[in-house]
Amino acid sequence: MTTTPPADTVPTAAALALGDDALVLSHRLGEWAGHAPVLEEEVALANIALDLLGQARVLLSMAGDEDELAFLREERAFRNLQLVEQPGGDFAHTIARQLYFSVYQHLLYDRLASGDGPFAPLAGKAVKEAAYHRDHAEQWTLRLGDGTDESHTRMQRAVDALWRFTGEMFQPVEGIDGIDWPGLESAWREAVEYVLGRATLTVPDGPRSGAWRAGAGRQGLHTEPFGRMLAEMQHLHRSHPGATW
Amino acid sequence: MTHTDWPLWEVFVRSRRGLSHTHAGSLHAPDAELALRNARDLYTRRGEGVSIWVVPSSAVTASSPDEKDPFFEPAADKAYRHPTFYEIPEGVQHL
C-alpha cells in the first residue's frame, strides 16, 4: 500500500470527504452482487467496488480508525457527495452515476497526484484505477445511449435525474489545496458533454448550482435513501461489536 | 436483452513478455471492445497478464472428435520424431 503521511500533517476533513465518497460508492456498487444484468458485468462492477474500497481504507485510516469511521459514525458525520449515495436504480442510473463520478475522480486525482500534498501518494495509485472506471462508464454510456430506443430512453432519464447532484463536486473541499476548482469543473463538463454527445444523448439543462441545486453532503446533509444504505452497511458491526472471521 | 443474446468470445492471455498467448477461457460480451474489458476483469485481476487477445468463438475452426484417429494416431508410434537420442550435456538447463 501507499505510504501514509504522519497524522498531524493530514487534513482530516479532506480525508473524510474523499474517503467517504469511495466507501459509499463502493457499497452502492456492491449492491449489484447477485443482481447484475450479466455475470461478466457483475464481476466488472465488483472489481470497481473493490478498487474504491481499497482507496477508502487508505483515506479513512489517514483520518482515524477505519472500522470505527465506517461502521460507527452517524449519518450526519459522513462527508460524501450526495451523488454517490443515490440508489443504483436501473443499470442506466448506475452507469450515469459512474460516469459523473469517475470523470470527476479521475480529473481530481490526476491533479492531486502531480502535487506534493498529503494525498499525492494515494492519488498516484488511484488515478490508474479511476481511469479504468471512467473508461468502463464511458463505454457503457455510448452503448446504452446509442443502443436501442429503450436503452436510449433509460440512459437519458438517468443522466437527467442525477444532473442536479453534479454541482456539489466542485465546491472546494477544505484541506485540499492547490486545486483550481472552476478549472476542474470546466474540464469535467467538457469530458462529460463529449461522451454524451457521442452517445446521442442530450446534455441535461437542469439546475446544478444556485438555490435549486442538490448537494450538501460535504456538510453532512444527506438524502433519504442514504439512511437505509447506512443501516444495511453498519448493522452487522453494530449487532456484533468486535466480531472477527 | 438477455445473456444468451451476446456472442461468446475466446480469451487468450500472455502472462509475461517473451511467452506466447495462452487460452484462458471464454466469456460473453456484446462486442470486441467490451469483450476485452470483461476479459481484463475475469482473467487478469490478480496480475496474470500483460496482454490479452479476444477472438469470436465462431471464428475458431476446431478439429472434430470424429477425426481424432486420422489426425493424431499416426504420431503415436514414431519415436524417431522426438529428439530423445541425444546426450544432454551436464549443466544445461531449460531443455
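Across the range A:122-164, the qualifying residues are those that are surrounded by 17 or more Cβ atoms within 10 Å (Cβ to Cβ) and among the β-branched types (Val, Ile, Thr), and the one among them that is nearest to B:LEU34 (Cα to Cα) is A:THR141.
So which residues in the range B:5-23 are in contact with an Asp or Glu (Cβ under 9 Å, 6 or more places away or on another chain), closer than 20 Å to A:ASN47 by Cβ and more than 10 Å from every other protein chain (Cβ to nearest Cβ), if there are any at all? Can you show your working first?
Step one: filter the range B:5-23 for residues in contact with an Asp or Glu (Cβ under 9 Å, 6 or more places away or on another chain), giving B:6-7, B:13, B:15, B:23.
Adding the requirement that they be closer than 20 Å to A:ASN47 by Cβ leaves B:6, B:13, B:15.
Across the range B:5-23, the qualifying residues are B:VAL13, B:SER15.
Looking only at residues in the range B:35-54 that are among the β-branched types (Val, Ile, Thr) and not in a loop (DSSP other than H, G, I, E, B), which one is nearest to the other protein chains (Cβ to nearest Cβ)? Once the filter is applied, the top-ranked residue is B:VAL54.
Only one residue in A:LEU112, A:LEU99 is in a helix (DSSP H, G or I), under 30 Å from A:ARG154 (Cα atoms) and either modelled with pLDDT of 95 or more or over 15 Å from the mean Cα position of the chain (by Cα) (or both), so which one is that? Full working, then the answer.
On the way: A:LEU112 fails: under 30 Å from A:ARG154 (Cα atoms).
Residue meeting the stated conditions: A:LEU99.
Considering A:LEU83, A:LEU45, which residue is without any contact (Cβ under 8 Å) to a residue 60 or more places away in the chain and buried (at least 22 other Cβ atoms within 10 Å of the Cβ)? Steps first, answer last, please.
On the way: A:LEU83 fails: without any contact (Cβ under 8 Å) to a residue 60 or more places away in the chain.
Selected residue: A:LEU45, the only one of A:LEU83, A:LEU45 that is without any contact (Cβ under 8 Å) to a residue 60 or more places away in the chain and buried (at least 22 other Cβ atoms within 10 Å of the Cβ).
Scan the range A:150-172 and give yes if some residue there is under 29 Å from A:GLU41 (Cα atoms), of a type in the set (Ser, Thr, Tyr), in a helix (DSSP H, G or I) and in contact (Cβ under 8 Å) with a residue 60 or more places away in the chain, otherwise no. No: zero hits. Filter the range B:24-34 for residues that are facing chain A (nearest Cβ under 7 Å) and in contact with an Asp or Glu (Cβ under 7 Å, 6 or more places away or on another chain); which is surrounded by the fewest Cβ atoms within 10 Å (Cβ to Cβ)? Only one residue tops the list, namely B:HIS28. Return yes when A:SER114 is under 28 Å from A:PRO225 (Cα atoms) and polar (S, T, N, Q) and no when it is not. No: the conditions fail for A:SER114.
The values are calculated or read from the model by the stated rules, or taken from the named source; none is laboratory data. Keep in mind that what you see is a predicted model, and the values were worked out from it rather than measured. No Cβ is skipped: glycine too gets one built from the backbone with ideal geometry, and neighbour counts run over all protein chains shown.
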